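Chemist: Right, I'll just put the structure down here and ask away after.
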Amino acid sequence: MSTTPAVTPQRIMQFAWGYVPPMVLESAIHHRVFDVLDEGPKTLTETAAATGASERGLRAVMNVLVGLGFLDREGEKYKLTPESEAFLVSTKPSFQGGLLRHTSGHLIPRWLRLNEIVSTGKPGAAVNQEGDGSAFFQGFVMDIFPMSYPSATVLAQSLALEKRERPIKVLDLAAGSGVWGIALAQSAKNVSVTAVDWSGVLPATRSSVQRFGLAERFSFVAGDLNNADFGSGYDVATLGHILHSEGEARSRQLLRKTFAALASGGTIAIAEFLVDNDRKGPVGSLMFAANMLVNTDEGDTFSFEEISAWLAEAGFVDMRLLEAPGPSPLVLATKP
């Protein structure tokens, strides 16, 4: 008797509606459902009164969220689950819904052209180019700050810069929100940071740094990574989720330029959506590679082995992984 499981179309049908969860989450965030329920459980009518949204609309959205486990319902009252209470209330530092705010306005409209992009291999617009990217990233970088901050604090703990008595220079490349430099500066008073990014993005970086009270310890360099003058003599250089948008050729060039900017004994720290060497997983990183197809001219996701080879080519040694919260471990290496 055969024990082979029956093949069914269940997964295909599930994925046919796969766009629904992020859209429902975005709508709930937009209408402040999680914020309102953070005040305490509420009925549908009470939630509608507090948010200003329709009862019919909220009923449909909130019931989907119950089915997905982002809300719970006891009798007539809806309430947050521990997961949504921790990560979907917009007033909390741990809020992870910033990316979801861009689902309908930025992400899905670009993905609707996927058939054409697969045919040509080229996106309609490339967010890794300053002209198309500056306006997008100025509004986007702060929404993704909470995604990187836990990893940045783990990096700070690992480097233990506060134990070094001399001044420490940090180079934060494609700084965006400044999250990597901010975490390192918070960890040690002897740290100063040079943040490099497009001129259209640096106002967001400055605002973020000021919010953390670190303005006096930051300097800013405006320019494209290919052309900006990084300076030299840095003890640490961070590349927070930038190689995937640059693609292989520009990434290899950037690693060589970063090597030149570091002092002997300096550390490079790279955050990326790493894929396995055989590119069979993790599925999230494979999906992000498709996102780079949609949104960049040459972007992709890479394996630790690939990035390590590029680092060695640039002159780095001791390539290693640092376990950290987030999609993947951090990649670290040292300039001899």
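The values are calculated or read from the model by the stated rules, or taken from the named source; none is laboratory data. Bear in mind that the values here come from a model prediction, so they are computed numbers and not experimental data. Backbone-built Cβ (ideal geometry, glycine too); neighbour counts: all protein chains shown.
Chemist: Looking at the structure I just gave you, is residue 305 at pLDDT 95 or above and in contact with a helix residue (DSSP H, G or I) (Cβ under 9 Å, 6 or more places away or on another chain)?
Modeler: no
Chemist: Right, next: Among the residues of the stretch 311-323, write down those that are in contact (Cβ under 8 Å) with a residue 60 or more places away in the chain and touching a helix residue (DSSP H, G or I) at 6+ places or on another chain (Cβ under 6 Å).
Modeler: Residues satisfying the conditions are 314, 322.
Chemist: A follow-up question, please. Please indicate, with yes or no, whether at least one residue in the stretch 248-258 is under 26 Å from residue 154 (Cβ atoms) and assigned to a strand (DSSP E or B).
Modeler: There is no residue in the stretch 248-258 that is under 26 Å from residue 154 (Cβ atoms) and assigned to a strand (DSSP E or B).
Chemist: Kindly indicate whether residue 208 is of a type in the set (Gly, Ala, Ser) and surrounded by 18 or more Cβ atoms within 10 Å (Cβ to Cβ).
Modeler: Answer is yes for this residue.
Chemist: May I pose another question? Where the second residue is acidic (Asp, Glu) and the first is more than 22 Å from residue 289 (Cα to Cα) and lies in the stretch 324-336, which pairs have Cβ atoms under 9 Å and are six or more apart or on separate chains?
Modeler: From the stretch 324-336, the pairs are 333/318; 334/318; 336/318.
Chemist: Could you list all residues from the stretch 276-305 that are within 22 Å of residue 333 (Cα to Cα) and surrounded by fewer than 18 Cβ atoms within 10 Å (Cβ to Cβ)?
Modeler: Of everything in the stretch 276-305, those that are within 22 Å of residue 333 (Cα to Cα) and surrounded by fewer than 18 Cβ atoms within 10 Å (Cβ to Cβ) turn out to be 276, 277, 303, 305.
Chemist: Could you check residue 273 against (1) within 23 Å of residue 158 (Cβ to Cβ); (2) in a helix (DSSP H, G or I); (3) within 19 Å of the chain's Cα centre (by Cα) and say which number it fails?
Modeler: Just one mismatch for residue 273, condition (2).
Chemist: Does residue 230 meet the test of being part of a loop (DSSP other than H, G, I, E, B) and either touching a helix residue (DSSP H, G or I) at 6+ places or on another chain (Cβ under 6 Å) or not aromatic (Phe, Trp, Tyr) (or both)?
Modeler: yes
Chemist: Right, something else. Test of understanding: among 322, 225, 311, 254, which residue is under 20 Å from the mean Cα position of the chain (by Cα), in the same structural domain as residue 179 (by TED's automatic domain parsing) and more than 22 Å from residue 198 (Cβ to Cβ)?
Modeler: After ruling out the rest, the residue left standing is 322.
Chemist: In the stretch 274-298, what count of residues is obtained for those that are in contact with a Leu (Cβ under 9 Å, 6 or more places away or on another chain) and of a type in the set (A, V, I, L, M, F, W, C)?
Modeler: 5
Chemist: Can you tell which of 240, 281, 299 is touching a Gly at 6+ places or on another chain (Cβ under 8 Å) and farther than 19 Å from residue 181 by Cα?
Modeler: Answer to the selection: 299.
Chemist: From 110, 56, grab the single residue that is within 21 Å of the chain's Cα centre (by Cα), charged (D, E, K, R), in a helix (DSSP H, G or I) and not assigned by TED's automatic domain parsing to the domain that holds residue 179. If you could, list the steps in order and put the result at the bottom.
Modeler: On the way: 56 fails: within 21 Å of the chain's Cα centre (by Cα).
Just one listed residue meets the conditions, 110.
Chemist: Give me the pairs, please: first residue somewhere in the stretch 148-169 and in the same structural domain as residue 236 (by TED's automatic domain parsing), second residue anywhere and part of a loop (DSSP other than H, G, I, E, B) and modelled with pLDDT under 95, beta-carbon distance under 6 Å, and either six or more positions apart or on two chains.
Modeler: The qualifying pairs are 150/325; 151/325; 151/326.
Chemist: Does at least one position in the stretch 192-199 carry a residue that is in contact with a strand residue (DSSP E or B) (Cβ under 9 Å, 6 or more places away or on another chain) and in a loop (DSSP other than H, G, I, E, B)?
Modeler: Step one: of the stretch 192-199, the residues in contact with a strand residue (DSSP E or B) (Cβ under 9 Å, 6 or more places away or on another chain) are 192-199.
Subset that is in a loop (DSSP other than H, G, I, E, B): 198-199.
There is at least one residue in the stretch 192-199 that is in contact with a strand residue (DSSP E or B) (Cβ under 9 Å, 6 or more places away or on another chain) and in a loop (DSSP other than H, G, I, E, B).
Chemist: So which of 146, 150 is at pLDDT 90 or above and either in contact with a helix residue (DSSP H, G or I) (Cβ under 6 Å, 6 or more places away or on another chain) or not charged (D, E, K, R) (or both)?
Modeler: 150
Chemist: Yes or no: residue 213 more than 21 Å from the chain's Cα centre (by Cα), surrounded by fewer than 22 Cβ atoms within 10 Å (Cβ to Cβ) and touching a residue at least 60 places away in the same chain (Cβ under 8 Å)?
Modeler: no
Chemist: I need a count of the residues in the stretch 1-53 that are without any contact (Cβ under 8 Å) to a residue 12 or more places away in the chain, in a helix (DSSP H, G or I) and under 19 Å from residue 97 (Cβ atoms).
Modeler: Matching residues across the stretch 1-53 total 0.
Chemist: Report whether or not residue 291 is not small (Gly, Ala, Ser) and not in a loop (DSSP other than H, G, I, E, B). Steps first, please.
Modeler: Values: not small (Gly, Ala, Ser): yes; not in a loop (DSSP other than H, G, I, E, B): yes.
It is true that residue 291 is not small (Gly, Ala, Ser) and not in a loop (DSSP other than H, G, I, E, B).
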